[in-house]
Structures are given as structure tokens and as C-alpha cells.
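Structure first, commentary second.
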Amino acid sequence: MELNAHHASFISGSYECLKSAAIGGVPAQRLPKVVETVSEMLSVIEKGGRDAVLEYSRTLDGWGGGDLEMGADSLRRTGDALEPALRTALEAGAERTRNFAGLQLQHLQDFEAEVMPGVVVGHRYIPVQRVGAYLPAGRFPILASAFMTVGVAKTAGVPTVVACSPPTSATAGNPAVFYSAYLSGVDRAFVVGGVQALAAMAFGLLGEQPMDMLVGAGNAFVTEAKRQLFGRVGMDLLAGPSEVAVIADDTADPVIVAADLLGQAEHGPQSPAALVTTSRELAVAVLAEVDRQLEDLSTRDIAGAAWRDYGTVYVADDRATAVELMDVLAPEHLEVITADDAYYQTNLTNYGSLFLGPWSTVAYSDKGITGTNHVLPTGGGARSSAGLSVSRFLKPLTFQRIDRSATMNLAPLVSEISAYEGMEAHQRTADYRIARFGNHAAPTKEQP
């Protein structure tokens, strides 16, 4: 998440870079070794089936249990292993995420309309039938992932949602991750992780038909597996390392800005964090404050490396230039902490999700407590696409219903276009209708 020379040439305003990223290069999920390993694994699993999935689970994840599936009663009882305060927080997050998805659903409407006499068109929203959700549980189990994937899919009306999460011991997965899946309404849950989980869902190796769609974040190997499986199954998006950017002015508190930059840098050593500010004084203060907060941060080995290698700070001459810079960066998460947040909300166009004001922070969404989805585009993807939402699980299927009386308003035009293209079979579909249903005008080609 750094301006390159080509992008910089299109910025009309003036700015200064106070901190650039130390390294760059190919994203982790596109490293040749990752691509090669994933390709080999998918091929082996497609040929070997469930036995290959189990073998990879044993050798890569240390799985020593029996069946990969967690029974309904075991899934329900995962909450018993959790502290009451955590259970309360997870239950709140699950409910709020479903509520937000429900509000989105209310604004997706089926419709039909008569666009000319005898021609009715429209669309109906039909849910995807089978969705597979990957729930990461590595060094940082992302407990809200189930809310964003399983819960939103069920709110959309998806009949079958299967979840996979890696084992965290020889016989079990993370109980909080699976309890989150239970709260989200998952239909079946399996203790299996990594590439083998994605392959098992895509190839139909879990006692279900192959999934129609795979969703959820994961490490570089999981992301590359999704890329290679795309086309065989649908995907949410190919998200890379988590990103955060902050637009701030001289009214912002450098302590808060620094904390929020490190809050996302903590996701991983390749997680970019960027500050764009109209105040050089604030920029200098934030740089110092980041260093101060890293001193006693328990995850400084991760967040510090991410900030050193992928952190950037830009000072813009004015707020219009700040908007230009940020729209080029197109971050996954974007915080705005200024005296005129409304200006930025109106003028910014490229971001995954927006967090307005000093009392808003990305972590509120990350943990599912505000209800908005945290599965968002990274790597500049926000320039062209949005994050996961209830609409992604719904297909707006179009239809048209044509009356005989509309024939002469449609068929002659189609016949002309088809004739020019040289597509005679297309032309005949129109011409036959002119001959049989038209009130006048001879067909444009002689009919047999």
C-alpha cells in the first residue's frame, strides 16, 4: 500500500513522503514456491479424495483424531469451554452481524417492470445453494470470521453452509472458533485446515456435493488455493495481508492514530499501514508515538516488522490532495479522524470499509461488534470491488416476458444487428417470429 512512480504522476496536488516502505515485491500468496505447493496439493487431493485430505491433515496439522466432522452436539457444547465474558461478546457479535446483514437484505428488492408495451423485464434474488466457509485459527484465531461468512450466508438464505477450521491439537479445533460457527447457524463443521480444507469443500469430499462458493480468509497457501480453484467454484475475494490507512489532520490525537495503525499491523509482518495527513507536525508525532508504543507491545515482533517494512506516511498540502492519495492507495480499512469527516466521506471513493471519527476504530468491525463485514478487498482491489456482504450470496437472476404484440418492436432490430454480424441463426430466431407473429413487414430473409 505505497504509491509507485506511475501512480504518483497522476496526483495533481503536492505532498511529501515522510516514511516509505522498506521492502516490497511479490505478495506472499504469489511466491513461486507457494503456487507450486498448492498446485501439487490440489492435484493429489483431487485424485486421492478424502484419504488424501486426511493424510495432509495428519502430516501438516498433526491431526490424530477420528472423523473430521464435529457432531451437532459437540459443536453446540464448544461454548462450555469458554469464559462467560467471551461467550457474551461472541453472542453479541454474531447477533449484530446478522442484524446488519438483514438490514442490507431489506434493501435488495426483486422487481419487474414493463419497459415498453408487451415487454416485461426484471430480476429475482436467488441465494447460492452451497457455501463453504474457511475459518482461520492460527497464531491469531479470528473469532468473528464465522459471523461474516457463515452468519451472513445464512441470513441471505443459503440452504447449506459448511465450515472448516484447522485443528489446534491432535483431537480438536479451537472451541471459540467453532462456537462462533455454531452461533452463526452453520449446518456442518469440520476440523480440517489449509489447502486440504479448501480442496475438500470444492471437490465434494465432506459428504456434501461440491460447494458452489468458497469464502473466508487464510494464509498465503489458502489464498493461492482459492485463486487456483476460482472458476470451478465461486469466491468472495482474494484477500492478501490486512491493511489499514488513516486520514488525519492537526485535530487528531497521535496516540490514537499510532494505536490504530499498529492495531492492523499486528495481523501479520506483511500487513501494510499508511497515514495520510495534512499536518506535518502530526506526522512527526505519530512516527514517534509508534516507536513508543512498540516498546511494550507484546506483538511487537509482528506489528513492528509490518510497520518497518510496509508502513508509509504522507503529508498532503491540502485535503483534496489527501483524498487523491488515499483513493490511489485504496485501502482495505480506512479511518478518518479530522475536523471535517463529512468532507472526506463525501469525496473518498476507494476503500473496503470506512471508519469515521476518533471514536471509531477498525477493531470494532474486526471483532464483529458493529456488525459490518470485515472480509474486504486488499492490494488496491477497493478501486473496483467491495467487500463481502449479504448480496454476494444472492444471485440477481434476470428474466423477460414478451407478449406477441411486442414482436415488431423487437424482432426487426435484432434481425438487422444479426445480419450485419453474419450470425444467421440468430437472425432466423427473429425472422421466424416476424413471419408468424408480425402484423406487417416481411421478414428480412427468405424463410424456408
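Just so it is clear, none of the values below were taken in a lab; they were calculated from the coordinates. Bear in mind the structure is a predicted one, so any value in this text is a computation, not a measurement. Cβ atoms come from the backbone with ideal geometry, glycine included; neighbour counts cover every protein chain shown.
When you take every Cα atom in the stretch 193-276, what is the radius of gyration, and what is Dmax, the widest Cα pair distance, in Å?
17.8, 58
Need one number: convex hull volume per residue for the stretch 170-242, Cα atoms only, in Å³.
Taking only Cα atoms, the stretch 170-242 has a hull volume of 112 Å³ per residue.
Given H placed 1.01 Å from N in the peptide plane, which residues other than close sequence neighbours of Gly234 have an amide H under 5 Å from its amide H?
Met213, Leu214
Taking the Cα centre of the chain as origin, work out the dipole magnitude from +1 charges on Lys and Arg Cβ and -1 charges on Asp and Glu Cβ, in debye rounded to 20.
For the chain, the charge dipole is close to 1580 debye.
Run the quick spin-label model on Asn347 and Asp67: label points 7 Å from Cα toward the beta carbon, then report their separation in nm to one decimal.
Between Asn347 and Asp67, the label points sit 6.0 nm apart.
Need the full-extension length gain, Asp296 to Thr171, defined as separation in residues times 0.36 nm minus the C-alpha distance. One decimal, nm.
The span from Asp296 to Thr171 would gain 41.5 nm if fully extended.
Could you give the alpha-carbon Rg of the stretch 266-403 over 2.2 N^0.38 Å, rounded to two decimals?
That works out to 1.25 for the stretch 266-403.
Which FRET efficiency value, to the nearest 0.05, do you get for Arg58 and Ser405 by plugging their Cβ-Cβ distance into 1/(1 + (r/R0)^6) with R0 = 56 Å?
Between Arg58 and Ser405 the formula returns 0.25.
Rounded to a whole number, what is D in µm²/s for the stretch 253-339 from Stokes-Einstein with the Kirkwood radius over alpha-carbon pairs (10 °C, 1.306 mPa s)?
The Stokes-Einstein estimate is 122 µm²/s.
Once you have the Kirkwood Rh of the stretch 63-163 from its Cα pairs, apply Stokes-Einstein at 10 °C and 1.306 mPa s and quote D in µm²/s.
95 µm²/s
Hey, fewest Cβ within 10 Å first, where do Val255, Val34, Val131 land in order?
Ordered by Cβ neighbours within 10 Å, fewest first: Val255, Val34, Val131.
Using only Cα atoms, locate the centre of the stretch 249-276 and the centre of the stretch 1-24, then give the distance between them in Å, rounded to an integer.
Spelled out, the Cα-based centre of one part sits 18 Å from the other.
Starting from 0.36 nm per residue, how many nanometres of slack lie between Gln129 and Gln209 once their C-alpha separation is accounted for?
Gain on stretching Gln129 to Gln209: 27.8 nm.
I need the calculated FRET efficiency for the pair Val115 and Thr251, taking r as the beta carbon distance and R₀ as 56 Å, to the nearest 0.05.
The formula returns an efficiency of 0.65 here.
Using a Förster distance of 41 angstrom, determine the FRET efficiency expected from the C-beta separation of Ile11 and Thr37, and round it to 0.05.
Calculated transfer efficiency: 0.55.
Can you give the charge dipole size of the stretch 173-269 about its Cα centre, rounded to the nearest 20 debye, using +1 on the beta carbon of Lys and Arg and -1 on the beta carbon of Asp and Glu?
660 debye
Can you sort Met116, Met201 from fewest to most other Cβ atoms within 10 Å of each residue's own Cβ?
Met116, Met201
Where in the stretch 305-330 is the amide nitrogen less than 16 Å from a point lying 7 Å along the Cα-to-Cβ axis of Leu18?
Only 308, 311-319, 322 fall inside the zone, counting backbone N under 16 Å.
Using Cβ contacts closer than 10 Å as the measure, can you line up Met408, Met148 from fewest to most?
Result, fewest neighbours first: Met408, Met148.
So what is Rg over Rh here for the stretch 1-144, counting just Cα atoms and using Kirkwood for Rh?
The Rg/Rh ratio comes out at 1.10.
Can you give the translational diffusion coefficient of the chain in µm²/s, computed by Stokes-Einstein from the Kirkwood radius over Cα pairs at 37 °C and 0.692 mPa s?
Taking Rh from Cα pairs, D becomes 134 µm²/s.
Looking at the chain, what % of its DSSP beta bridges pair antiparallel, to the nearest 5?
Around 40 percent antiparallel, to the nearest 5.
Given the peptides 167-174, 212-219, arrange them by the average over their residues of other C-beta atoms within 10 Å, most packed first.
The most tightly packed comes first, giving 212-219, 167-174.
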